[in-house]
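Notes to accompany the following structure.
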Amino acid sequence: MTIADMVRVLHAKVLCGEERLETKVHTACCSDLMSDVLAFVNEKTVLITGLTNAHVLRTADMLDLKCIVFARGKIPGEDILEQADEQGLVVMTTPETAFTACGLLYEAGLRGVPIEWPESEARL
Amino acid sequence: MSQTLLHAEYPVEAEDYTCAGEASADIKRKLKQLGVSSNVLRRVAVASYEVELNLVIHSEGGALTLEVTPEQVTLISRDRGPGIPNLELAMREGWSTASETARSLGFGAGMGLPNMKRNADTFAIDSTVGEGTTIEMGFRLA
Ligand SMILES: Nc1ncnc2c1ncn2[C@@H]1O[C@H](COP(=O)(O)OP(=O)(O)OP(=O)(O)O)[C@@H](O)[C@H]1O
Ligand SMILES: [Mg+2]
């Protein structure tokens, strides 16, 4: 689906990156733990989170993420949104809880990131 | 000895949450300019962010060293203490002594060290309580 589809499904409000809504997303990850995000996510993944601090953006930057969804109506500060725009992110806020947001996206066909532990574990 | 393409040092302050991650962002930018493949770039970025945040969260301050040759990216983290009393425990997924401040920002999953080990081609950690911790990671380019 596209980010525009997500906006519709989540009854979300776009906070930045309005011009990038046609970007396709392949998978989603929901977490407030940045190390989990760093472990499981790839650049085609949407991040759904309740954290709105600068580290969420830095984590997104490390992974070249394209889209972040803030759950439960959270809205980050203006400085965070400016930074997000510079990074080329689409940022939206949904009134739904993280759980419901995930459920709605799953129902609409979006899936989690396949976990590649076994293969990467083999490199240890 | 192989020719050095890039060498950079980044001091990292303890508990400086405002700047935390800036060294890793710069490392990623520099490697991208060198034309490092996106797969390696991503693995270095993840490991670098984890190791940098550990310096901020757990150490008394230290530095990251980046070295690039045509064959390999090497990332070294050195700190001034306090050292890790039980390395086996520290390497375990889910083990964390992160402060409340760190947890409120989204850290403390106890996944950082396992993430580094998983993403690097070579990983070595050495720690002495009262002295400090050194982590050396290698990422093959060729
Ligand atoms: N440089 C360091 N100096 C002292 N202790 C450290 C250092 N790095 C890690 N540790 C110890 O090892 C533990 C595990 O580190 P790890 O990075 O795996 O998890 P974390 O930092 O607690 O959480 P996360 O990385 O998931 O946010 C830490 O909680 C801390 O006790
Ligand atoms: Mg850590």
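A few points about this structure:
- Segment A:74-124, residues that are among the β-branched types (Val, Ile, Thr), in contact with a helix residue (DSSP H, G or I) (Cβ under 6 Å, 6 or more places away or on another chain) and modelled with pLDDT under 95: A:Val113
- A single entry from A:Asp61, A:Asp32 fulfils the requirement of being within 13 Å of another protein chain (Cβ to nearest Cβ), among the charged types (D, E, K, R) and touching a helix residue (DSSP H, G or I) at 6+ places or on another chain (Cβ under 7 Å): A:Asp61.
- Selection count, segment B:95-113, where residues are more than 8 Å from chain A (Cβ to nearest Cβ) and either of a type in the set (Val, Ile, Thr) or within 13 Å of ligand 2 (Cβ to nearest atom) (or both): 9
- Index of the failed condition, B:Thr134 passing every other in (1) closer than 30 Å to A:Gly50 by Cα; (2) open to solvent by 20 Å² or more (accessible area, probe 1.4 Å): (1)
- Matching residues, segment B:114-127, being farther than 30 Å from A:Ile48 by Cα and within 13 Å of ligand 2 (Cβ to nearest atom): B:Ile125
- Listed by first and then second residue, the pairs linking a residue in segment B:24-52 that is closer than 16 Å to B:Thr69 by Cβ and part of a helix (DSSP H, G or I) to a residue that is of a type in the set (S, T, N, Q) and open to solvent by 10 Å² or more (accessible area, probe 1.4 Å), with Cβ atoms under 8 Å apart and 6 or more places separating them unless they lie on different chains, are B:Val44/B:Asn119.
- Enumeration of residues in segment B:57-79 that are among the polar types (S, T, N, Q), under 20 Å from B:Thr18 (Cα atoms) and either in contact with a Lys or Arg (Cβ under 9 Å, 6 or more places away or on another chain) or part of a loop (DSSP other than H, G, I, E, B) (or both): B:Ser59
- For segment B:115-124, the set of residues classified as without any contact (Cβ under 8 Å) to a residue 40 or more places away in the chain and more than 8 Å from chain A (Cβ to nearest Cβ) consists of B:Thr122, B:Phe123, B:Ala124, listed by residue number.
- Residues in segment B:14-27 that are open to solvent by 20 Å² or more (accessible area, probe 1.4 Å) and in contact with a helix residue (DSSP H, G or I) (Cβ under 7 Å, 6 or more places away or on another chain): B:Ala14, B:Glu15, B:Asp16, B:Tyr17, B:Ala25.
The values are calculated or read from the model by the stated rules, or taken from the named source; none is laboratory data. Since the model is a prediction, treat every value here as computed from it, not as a measurement. Methodologically, a virtual Cβ is constructed for each residue, glycine included, from the backbone with ideal geometry; neighbour enumeration extends over all protein chains shown. With ligands, DNA and RNA removed, areas are computed over all heavy atoms of the protein, side chains included. Shrake-Rupley method; radii C 1.70, N 1.55, O 1.52, S 1.80 Å.
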